[in-house]
1. Summing Lys, Arg as +1 and Asp, Glu as -1, what charge do residues with Cβ under 11 Å from the Cβ of Thr168 carry, Thr168 excluded?
2. If contacts are Cα pairs under 8 angstrom and at least 6 residues apart, what is the relative contact order of the range 53-180 in percent?
3. List the residues, sorted by chain then number, that are 5 or more residues from Lys51 or on another chain and whose placed amide H is less than 5 Å from its amide H.
4. When only alpha-carbon atoms are used, what values of Rg and Dmax, in angstrom, describe the range 74-125?
5. Can you report the principal axis dimensions of the range 28-143 using only the alpha carbons, biggest first, rounded to whole angstrom?
6. Which percent of Cα-Cα pairs in the range 81-180 sits in each 10 Å bin, short to long?
7. Using θ = phi - 60° and the Karplus relation 6.51 cos²θ - 1.76 cosθ + 1.60, list the HN-Hα couplings for the range 165-180 in order, rounded to whole Hz, with x at every Gly or Pro.
Amino acid sequence: MKKMKTWVWVAIAALLVIGAIGIYGREGVTSASVAGGAVNKGQPAPAFTLKDLQGNEVSLADFKGQKVYVKFWASWCPICLAGLDELDQLSSEQHDYKVLTIVSPGYNGEQSAADFTNWFSKRGYDHIQVLLDDGGTLTRKFGVRGYPSSYYIGSDGILVKSAPGHNTNEVIAETFQSIH
């Protein structure tokens, strides 16, 4: 058998490293896990400060040290609307995580903030906390591609998981069992 040239071995080794990164992802060590003592794998969740339907500012930083469930949804989305009763129930219960929902007035077919607020106030959902992301800036930062979309943030601020579609309350609770 002929001897392989050194550059062939270097190329093979490089391909193996690239393949390992592709298979195992970049979950191992993040800057947050080294610097901040994070216990979850992933990247830091995008920071945000948004207004709720009453005009109060709510920031992700307000929940430092707590797990946070974030659901992006739209008033025109039938799957989103079908899940509002369940979401209202989830929001009314005590959990080891906070429940936030985000709607983006003026973005991706959503009505204006005033029209949405008026519409939602007549629905009778007393426990759902809706934050307004005017123009969809935060929606784009989170990489939302469809509604509804769920995001699970650990107590260390790490965005641990995202999931498209409706997540039942049971799935949400089960998912948070493995998140610190």
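None of the figures in this text is laboratory data; all of them are computed from the coordinates on show. Predicted model, so just to flag it, every value in this text is computed and none were measured. Cβ: placed from backbone, ideal geometry, glycine included. Neighbour counts: every protein chain shown.
1. My count for the surroundings of Thr168 gives -3.
2. The value is 33 percent.
3. Distant-sequence amide H within range of Lys51: Val58, Leu132.
4. For the range 74-125, the Cα-based Rg and Dmax read 12.0, 34 Å.
5. Principal-axis extents of the range 28-143 (Cα, largest first): 46, 31, 27 Å.
6. Whole-percent P(r) values from 0 Å outward: 13, 46, 35, 6.
7. For the range 165-180, the Karplus-derived couplings read x, 6, 10, 5, 4, 5, 5, 4, 4, 4, 4, 5, 5, 9, 10, 8 Hz, x marking Gly and Pro.
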